[in-house]
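J.: Before we start, here is the structure in question, set down as structure tokens.
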2 protein chains.
Amino acid sequence: MSSIIREVVLRHAITDAPKAGDFEIVERRLPATPPAGTVQVRLLWLGLDPYVGQVLRNRHMGESAPAPGEPLLGEGIAIVLASNDPAFAAGDHVVGNCGWTEEAIVPATRLRRVDPTIAIAEHLGVLGMPGLTAWAGMTQLAKVRAGDIFTVDAAAGVVAGTAGQIAKIEGATVIGVAGGVDKCAIATGRYGFDDCVDYKLDGWEEKLPNGITIHFENVGQRVLDAVLPRLATNGRIVLCGLAQHYGDGSVARLPVGPIIGKRAQIFGLVVYDFFARRDEWVAYAAPHIREGRLVEFQDVADGLENAGAQIERVALGTTQGRALVRVSG
Amino acid sequence: MSSIIREVVLRHAITDAPKAGDFEIVERRLPATPPAGTVQVRLLWLGLDPYVGQVLRNRHMGESAPAPGEPLLGEGIAIVLASNDPAFAAGDHVVGNCGWTEEAIVPATRLRRVDPTIAIAEHLGVLGMPGLTAWAGMTQLAKVRAGDIFTVDAAAGVVAGTAGQIAKIEGATVIGVAGGVDKCAIATGRYGFDDCVDYKLDGWEEKLPNGITIHFENVGQRVLDAVLPRLATNGRIVLCGLAQHYGDGSVARLPVGPIIGKRAQIFGLVVYDFFARRDEWVAYAAPHIREGRLVEFQDVADGLENAGAQIERVALGTTQGRALVRVSG
């Protein structure tokens, strides 16, 4: 018995940042049973990342924009309705690119089983790539330990929030840097940071602690220039992102003299290198998530009909924390 | 029975780089026996470092210039003639600051015993601070191993020469960077580097290998800019010195984007942090020195009367390898 499902597609090709009006909902008929090697899934949650906006306007290396009417790119959490692949069975929870849709038939190779007893939507955030990024930087590169004084910017985001919570779990003092009182409130209120410095206030640099032993950089020159003079001898810096520079093409630079003088250690981080170790991260995180020591801040739009508006907010940078669309369940 | 000894002192205070004519030899009478807690030593070798020139002209932080006629600063290798301290006995070989002199009576706390069966003058170079610097960078920070492709600049110097020889011992390929054919010949001929690139030739950057896995920086921006595009994914950079910048006060900077893209690891190195581990380095080095796999290039002036001319050459940067004065023996 085939089914009719709803799916979000582009109404027309776009070249600017995506807006709600660029999308429309269409109906699609799915085959009665999935072909061999594929799985039929029902979407629970859709995650929306800034890079998806770049793909939609054909500005992302390696992924070309879908044509109007074609399935859109998006990592989701889904439940398996029917499987024609030995790797999955009906009832499994999976994560993978299933599109912006109620249901989909997708190749089994595109999916990975997740443990729904830990959490559901969090497999797109704190248990997914953003959390893996934080874990890699904190435990594999900077090797956080009790007594560290840890700073991280873009502090309301899931990467920074998870990095800071890992640091707290390991016994460090955690100071966030974020733009505005709302974002700082997420860092201290939701993530439990010891403090958060609002870089939109004059003299914010003076509120950073002296003797920073680990810094995790997501922004760029502005924060690096403030942190470096306050870095402790033998301090470690994880370089993860340069959000300040993506828009204007400017270049962040680190002065070599202070790196030598402080015997600093600096680590470039690309999360792809740690994909094979996702299970280690999930094993580390699971008890902390179950016991409430590790959380994410979610920015949820309800229903596929609001996915377009949500990606518009993601592209504008006005979402806070993990941007999600609740599709069902 | 007291003795009359010869010693080099400043003839007058200096503010410019030291020149041979700024020094004179004076005679000095030493007490018949060293007072309690001191040791009488006869100098074998005097080592001359660029920072001594800075001290003499009162340009070094933490050390003020000696007045004309006062003992000069200089680390030497000496043999103990008489000891009034339980830590040393006549016949011991020691290293420490004894001045520019034939003999001296110095506090025992200023001396450290060295093993003359490994080498003598080399305790000022490859077995001393320059070698310790190289060992710390190569084995403790960059953790060199077989298959590494290693580059190092100021390649004729003892720090770079030792770093490259450690890399060879551990199974790496070693490419030096130096200014001029003579210095490159020291790197390949004396130190056994696989190749050395002369940065005074046009297009020298193109002769650097691609896929550099470890780089050891002693110079600054010029070499960093050439190395960074050729650094392998997961490449490591040890930042040790900035000779290019000391004169003009300019600042070397590293761009952050490529550090992330290459997942580079960067280590600031200050040798003081490793003083407590000198014995580990000597234990590592001793068999390689005895069997000729680890050597230094020495630039020797014979006799105390040539010490002034030698520090002039050190200050001008025209010495190559370890600058020494043979005092006796």
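Only the coordinates and a few stated rules stand behind these numbers; no lab work does. Note that the structure is predicted; figures quoted are calculated from it, not measured. Glycine also receives a Cβ, built like all others from the backbone with ideal geometry; neighbour counts cover every protein chain displayed.
J.: Determine the shielding of peptide B:305-314 by partner chains: average, over its residues, the number of Cβ atoms on other chains within 10 angstrom of each Cβ.
T.: Other-chain Cβ atoms within 10 Å of each residue's Cβ, averaged: 0.
J.: With a sphere of radius 12 Å drawn around the Cβ of B:R110, what net charge do the other residues whose Cβ falls strictly inside it have (Lys, Arg +1; Asp, Glu -1)?
T.: Overall, the nearby charge balance is -1.
J.: I would also like to ask the following. Could you name the aspartates and glutamates whose alpha carbon sits less than 18 Å from that of B:K200, not counting residues in the same chain fewer than 8 places away?
T.: Hits, sequence-local ones excluded: B:D153, B:D182, B:E217, B:D225.
J.: Let me ask something additional. Loop only by DSSP, 14 or fewer other Cβ within 10 Å of the Cβ. Give me the GluC sites (Glu not before Pro) in the stretch B:1-95 that pass, ordered by residue number. Can you show the working numbers first?
T.: Numbers: sites: B:E7, B:E24, B:E27, B:E63, B:E75; in loops: B:E63.
For GluC sites (Glu not before Pro) across the stretch B:1-95 that sit outside H, G, I, E and B with at most 14 neighbouring Cβ atoms in 10 Å, the list reads B:E63.
J.: Right, something else. Taking the number of other C-beta atoms within 10 Å as the exposure measure, put B:T38, B:T15, B:T109, B:T162 in order starting with the fewest.
T.: B:T15, B:T109, B:T38, B:T162
J.: Share of Cα-Cα pairs in the protein assembly as shown beyond 50 Å, in percent?
T.: Everything past 50 Å amounts to 30 percent.
J.: Okay, moving on. Explain nothing, just the number: dipole magnitude of chain B about its Cα centre with +1 on each Lys and Arg Cβ and -1 on each Asp and Glu Cβ, in debye rounded to the nearest 20. Don't skip to the answer; put the middle values down first.
T.: Details: 31 positive and 37 negative charges, 126 e Å.
With only Lys, Arg, Asp and Glu charged at Cβ, the dipole is about 600 debye.
J.: Here's a follow-up. Taking each residue of B:227-235 in turn, how many C-beta atoms of other protein chains fall within 10 Å of its C-beta, and what is the average?
T.: For this peptide, the per-residue mean of nearby foreign Cβ atoms is 1.
J.: Of all DSSP beta bridges in the protein assembly as shown, what percent run antiparallel (nearest 5)?
T.: Looking only at bridges with both residues in the protein assembly as shown, the antiparallel portion is about 55 percent.
J.: Taking H placed 1.01 Å from N in the peptide plane, check which residues at least 5 places from B:L254 or on another chain put their amide H under 5 Å from its amide H.
T.: Result for B:L254 returns A:L254, A:V256.
J.: Going down the list A:K262/B:K207; A:K143/B:K262; A:K143/B:K143; A:K183/A:K207; B:K143/B:K207; A:K143/B:K168, which pairs span over 23 Å between their C-alpha atoms?
T.: A:K262/B:K207; B:K143/B:K207; A:K143/B:K168
J.: Here is a further query. Stokes-Einstein D for the stretch B:243-329 at 25 °C, 0.890 mPa s, Kirkwood Rh over Cα pairs, in µm²/s?
T.: 142
J.: How much net charge surrounds A:T162 when only other residues with a Cβ under 13 Å from its Cβ are counted (Lys, Arg +1; Asp, Glu -1)? Before the final figure, lay out each step's value.
T.: Values: positive: A:K168, A:R190, A:R293, A:R322; negative: A:E122, A:E170, A:E296.
With Lys, Arg at +1 and Asp, Glu at -1, the neighbours total +1.
J.: Counting partner chain Cβ atoms within 10 Å of every residue's Cβ in B:267-276, what's the average?
T.: Counting other chains' Cβ atoms within 10 Å and averaging over B:267-276 gives 3.
J.: Here is a follow-up. So for B:T318, B:T101, fewest C-beta neighbours within 10 Å to most, what's the order?
T.: Going from least to most buried by this count: B:T318, B:T101.
J.: Another one. Determine, for B:R236, A:R263, the number of other Cβ atoms within 10 Å of each Cβ, and report the residues in order from fewest to most. If you can, show how the numbers build up before the last one.
T.: Working: B:R236 22, A:R263 19.
By the 10 Å Cβ count, ascending, the order reads A:R263, B:R236.
J.: Take every DSSP beta bridge whose two residues both sit in chain B, then give the antiparallel share in percent to the nearest 5.
T.: Details: 32 of 58 bridges.
Within chain B, antiparallel bridges account for around 55 percent of the total.
J.: Here is a follow-up. Compute the signed sum of charges (Lys and Arg +1, Asp and Glu -1) over the other residues within less than 9 Å, Cβ to Cβ, of B:V26.
T.: Cβ neighbours under 9 Å give a net charge of -1.
J.: Return the unpartnered cysteines for chain B, using a Cβ-Cβ cut-off of under 4.7 Å.
T.: B:C98, B:C240
J.: Mean Kyte-Doolittle hydropathy of 0.5 or higher plus an axial Cα length of 15 Å or more: which whole DSSP H helices in chain A meet both?
T.: Helices meeting the criterion: A:158-169.
J.: Using alpha carbon centroids, what distance separates the stretch B:134-177 and the stretch B:262-329, in Å?
T.: Taking the Cα centre of the stretch B:262-329 as reference, the centre of the stretch B:134-177 is 15 Å away.
J.: As a test of the formula, what do you get for chain B when each DSSP H run with n ≥ 4 contributes -39,500 (n - 2.57) and the sum is divided by the residue count, at 222 nm and rounded to the nearest 500 deg cm²/dmol?
T.: So the helix-based figure for chain B works out to -5500 deg cm²/dmol.
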